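Notes for the one structure printed next.
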Amino acid sequence: MGTEVGVSEPLIAPSEKISAADEDDQTVPEWKDQITVRGLVVSAIMGTLFCIITHKLNLTVGIIPSLNVAAGLLGFFFVKSWTSFLSKLGFSIKPFTRQENTVIQTCVVACYGLAFSGGFGSYLLAMDERTYQLIGADYPGNRAEDILNPGLGWMIGFLFVVSFLGLFSLVPLRKVMVLDYKLTYPSGTATAMLINSFHTNSGAELAGKQVSCLGKYLSMSLFWSCFKWFFSGIGDSCGFDNFPTLGLTLFKNTFYFDFSPTYVGCGLICPHIVNCSVLFGAVISWGFLWPFISQHAGDWYPADLGSNDFKGLYGYKVFIAIALILGDGLYNLIKIIAITVKEMCNKSTKQSKLPIVNEVLDSESSKLLLGKKKRDDIFLKDRIPTWLAASGYVGLAAISTATIPIIFPPLKWYLVLCSYLIAPALAFCNSYGTGLTDWSLASTYGKIGLFIIASLVGSNGGVVAGLAACGVMMSIVSTAADLMQDFKTGYLTLSSAKSMFVSQLVGTAMGCVIAPLTFWMFWTAFDIGSPDGPYKAPYAVIFREMAILGIEGFSELPKHCLAICCGFFVAALLINLLRDVTPKKISQFIPIPMAMAVPFYIGAYFAIDMFVGTVILFIWERINRKDAEDYAGAVASGLICGDGIWTIPSAVLSIFRINPPICMYFGPAAGS
């Protein structure tokens with residue numbers, strides 16, 4: 001799953017060794033039988049919940065953990081509950097298979113993936129009037145003509161014309177990626193192993209305990225979020241979200257624990273190094289850098305500027321965050337392209353020089369080989385014709401090339417066509433890189449498209465054209481990588497490639513409707529994009545500034561801002577280089593620049609929450625590692641989902657202008 005920060009980490013060690021005995025115990029249903037009505041209903045419910053969670057994270061901090069494992073676990077929970085209930089009523093129920101579980105997981109991931117790649121917290125929101133006003137009407141390159149406010153109709157239409165192309169672009173290469181290159185796709189492999197374990201006798205017992213654990217923490221999180229609401233009053237300065245847990249002085253510099261189950265859950269599910277990197281970035285920026293620059297107000301920038309003026313401290317925050325993000329993205333892009341070329345060269349060399357050896361196999365090796373042959377046969381059995389994939393891509397590209405200029409007039413048809421000509425190559429690079437590293441660079445490819453198209457179109461519409469091109473590129477490379485990851489999951493769970501492809505199509509179609517509708521709930525109910533509100537939408541400003549930067553250059557940056565940005569850009573490259581050249585026992589303690597960049601703009605409060613999550617997990621692992629491995633994902637999913645569910649009643653109350661009854665506020669003691 002593509003994210004602004006690579007935070008996916010398999011909760012189970014990836015392995016190809018899936019028990020042949022377990023596979024043989026179960027007959028594999030036909031591909032049509034793997035897609036069920038109950039599975040699609042459950043997928044729609046879970047897709048809605050996961051879209052809400054993704055929007056909430058996108059509009060607050062921009063860090064989205066991999067929810068693949070949570071999708072597999074919740075899918076098992078819903079269908080098992082459904083079948084158990086109907087069985088007790090005396091109905092005859094079709095058995096719940098691992099293939100159906102995989103189809104549900106695929107459908108849900110495809111659906112909520114559009115809440116990220118659809119740009120509701122980044123490139124689409126960067127076009128709206130609030131972001132334009134935040135940057136300033138008098139800011140060079142920021143034109144009033146380059147505004148397109150969110151609208152349900154055009155957002156759904158845009159997603160439908162761009163979201164399916166990535167699915168057709170790499171279908172002919174599924175055998176090459178999964179069988180020939182044997183790419184790992186760590187998240188896909190971990191999810192497959194989790195699903196396989198649910199559908200064995202020994203695994204079903206653990207699955208039941210995990211589901212019970214998830215339900216318990218979901219209920220606690222939902223109750224706590226409801227309880228917090230009663231004290232949050234009117235405005236943004238009340239309640240537990242503004243509790244000065246570390247003192248009022250640190251609170252002014254955004255260092256406080258805000259009791260958010262979502263961020264604590266993210267801390268439990270993200271790798272320790274991501275959480276520590278976020279906190280390290282918060283300490284550097286809000287602990288040292290911003291106080292230091294503030295001391296030069298009146299010299300480096302005018303002292304009387306507003307807190308959101310780009311010619312002041314706000315400009316440093318945004319552009320230094322951009323420098324770190326671009327440095328990290330560029331390094332990883334070059335690295336993954338180099339790895340891809342090297343691996344492909346190695347494969348061709350190895351294949352041409354392989355000696356022929358007749359090995360004597362023991363019974364265990366023989367079982368594993370039989371299991372592998374069975375998976376290969378099932379994976380290759382239901383072929384998706386190449387002509388269908390090619391004609392689908394060409395047809396959708398033609399529709400999209402004709403439609404997108406109607407939605408975004410500055411993005412001319414020939415620019416869209418050029419994007420579609422080069423997109424399959426970039427989709428291949430991203431899918432291959434994700435298979436090797438579990439790190440999707442969809443947003444990096446999107447930013448490359450943004451800069452190129454914005455500079456080509458120029459000042460007359462370049463901002464909107466660049467942001468729209470970013471969306472086109474992100475959608476293709478993101479969905480292509482997701483599909484290949486799901487093919488890997490399907491391969492390991494003996495699911496048909498055809499059922500995987502169809503469920504991905506269905507999930508994408510669901511996402512094209514559900515993602516905009518759930519975003520619209522946020523847009524209608526809350527003050528999205530307000531720098532002082534809970535939903536700051538940090539990446540909207542960053543993406544619009546990138547588009548302006550592509551057109552105008554660096555002329556309007558505050559004093560010394562460009563030099564500091566260059567320093568952080570080079571630092572991001574060097575830190576990544578250090579992570580790659582040092583031994584693992586050292587590199588595991590070196591921070592990730594892109595994770596460091598997030599708090600530079602937003603604040604330190606969520607970094608404290610995520611760090612609390614990582615400390616809980618660290619202590620838990622020391623006390624009982626097996627329990628932590630078995631249940632940490634379930635606890636994290638429960639905390640995130642419970643808080644996500646509360647967003648729905650909270651939004652409804654907000655739409656009807658029903659305000660919390662109490663404002664809990666903290667200030668200095670009288671006389672101090």
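The values are calculated or read from the model by the stated rules, or taken from the named source; none is laboratory data. These numbers were taken from a predicted model, which means no experiment stands behind them. Don't worry about glycine lacking a Cβ; one is built from the backbone with ideal geometry, like all the others, and counts go over all protein chains shown. These accessible areas exclude ligands, DNA and RNA; they are computed on the full protein's heavy atoms, side chains included. Shrake-Rupley method; radii C 1.70, N 1.55, O 1.52, S 1.80 Å.
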Requested in this report: Would you list, by chain and number, the lysines whose Cα falls below 16 Å from the Cα of Lys488, excluding same-chain residues fewer than 8 positions away?
Outcome: Lys17, Lys175, Lys182, Lys372, Lys373, Lys374, Lys381, Lys498
Query - Derived scalar couplings ³J(HN,Hα) [the stretch 296-305; Karplus, 6.51 cos²θ - 1.76 cosθ + 1.60; whole Hz; x for Gly, Pro] - result: 9, 4, x, 10, 6, 7, x, 6, 9, 6
Query raised in the report: Counting only protein chains, not ligands or nucleic acids, how are Phe280, Phe656 ordered by accessible area (probe 1.4 Å), most first?
Result: Phe656, Phe280
Report summary line: Summing +1 per Lys or Arg and -1 per Asp or Glu among the other residues with Cβ less than 14 Å from Trp229's Cβ gives -3
Query raised in the report: What number of lysine-lysine pairs in the stretch 188-336 show an alpha-carbon separation below 29 angstrom, given a sequence spacing of 8 or more or placement on distinct chains?
Result: 6
Report summary line: Tilt, helix 593-602 to longest principal axis of the chain (alpha-carbon atoms), in degrees rounded to tens, equals 40
Query raised in the report: So what is the relative contact order of the chain, in percent, for Cα pairs below 8 Å that sit 6 or more residues apart?
Result: 34
Report summary line: Note: probe point = Cα of Ala297 + 7 Å toward Cβ; backbone nitrogen < 20 Å; residues of the stretch 135-155 passing the test are 135-136
Query raised in the report: What relative contact order, as a whole-number percentage, does the stretch 52-178 give when Cα pairs under 8 Å and 6 or more residues apart are counted?
Result: 22
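Any chance you could tell me what percent of the C-alpha pair distances in the stretch 212-305 go past 21 Å?
Considering the stretch 212-305, 53 percent of its Cα-Cα pairs are separated by more than 21 Å.
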Query raised in the report: What span do the alpha-carbon atoms of the chain cover on each of the three principal axes, reported in whole Å from largest to smallest?
Result: 79, 55, 51
Query - Value at 222 nm in deg cm²/dmol, rounded to 500, when DSSP H runs of n ≥ 4 in the chain each add -39,500 (n - 2.57) - result: -22500 deg cm²/dmol
Query - Alpha-carbon centroid distance for the pair the stretch 376-411 / the stretch 522-560, whole angstrom - result: 33
Report summary line: Simple SL model, points at 7 angstrom along Cα→Cβ for Leu574 and Asp180; separation in nm is 4.2
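As an exercise, take the mean of 1/r over every pair of distinct alpha carbons in the stretch 571-630, invert it, and state the Kirkwood radius in angstroms. Let's see the in-between values first.
On the way: mean 1/r = 0.0733 Å⁻¹.
When all Cα pairs of the stretch 571-630 are included, the Kirkwood radius is 13.6 Å.
Can you classify the stretch 60-172 as rounded, prolate or oblate using the Cα gyration tensor, where a ≥ b ≥ c are the square roots of its eigenvalues, rounded means a/c under 1.5, and otherwise it's prolate if a/b beats b/c and oblate if not?
prolate
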**Report entry** Calculated from backbone phi, Karplus (6.51, -1.76, 1.60) coupling profile of the stretch 369-377 in Hz, x at Gly/Pro
**Finding:** 5, 5, x, 5, 4, 5, 4, 4, 4
Query raised in the report: What nm distance separates the two modelled labels at Val41 and Leu206, each placed 7 Å from Cα along Cα→Cβ?
Result: 3.1
Query raised in the report: Gain in length, Ile334 to Ser84, computed as 0.36 nm per residue apart minus the alpha-carbon separation, to one decimal in nm?
Result: 84.9 nm
**Report entry** For the stretch 522-672: relative contact order, % (alpha-carbon pairs under 8 angstrom, 6 or more apart)
**Finding:** 22
Requested in this report: May I ask for the distance between the Cα centers of the stretch 451-505 and the stretch 260-337, given as a whole number of Å?
Outcome: 27
Query - Karplus-derived HN-Hα couplings along the stretch 648-655 (A = 6.51, B = -1.76, C = 1.60, θ = phi - 60°), whole Hz, x at Gly and Pro - result: 5, x, 4, 5, 4, 4, 5, 4
Report summary line: Under 5 Å from the placed amide H of Phe257, counting only residues 5+ away or on other chains, we find Thr245, Leu246
Report summary line: Binned at 10 Å starting from 0, the alpha-carbon pair-distance distribution of the stretch 283-325 in whole percents comes out as 29, 58, 13
Query raised in the report: Taking the stretch 31-144, how many lysine pairs are there with alpha carbons less than 21 Å apart, if each pair must be eight or more places apart or span two chains?
Result: 4
Requested in this report: Do me a favour and compute the ellipsoid semi-axes for the stretch 533-672 from its Cα gyration tensor, root of five times each eigenvalue, largest one first, whole Å.
Outcome: 33, 30, 18
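Quickly rank 217-230, 333-346, 627-640 as a protection proxy: mean count of other C-beta atoms within 10 Å, highest first.
Most protected by this proxy first, the peptides run 627-640, 217-230, 333-346.
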Report summary line: So for R0 = 22 Å, FRET eff. of Trp413-Ser455 from the Cβ-Cβ r, to 0.05, ends up at 0.70
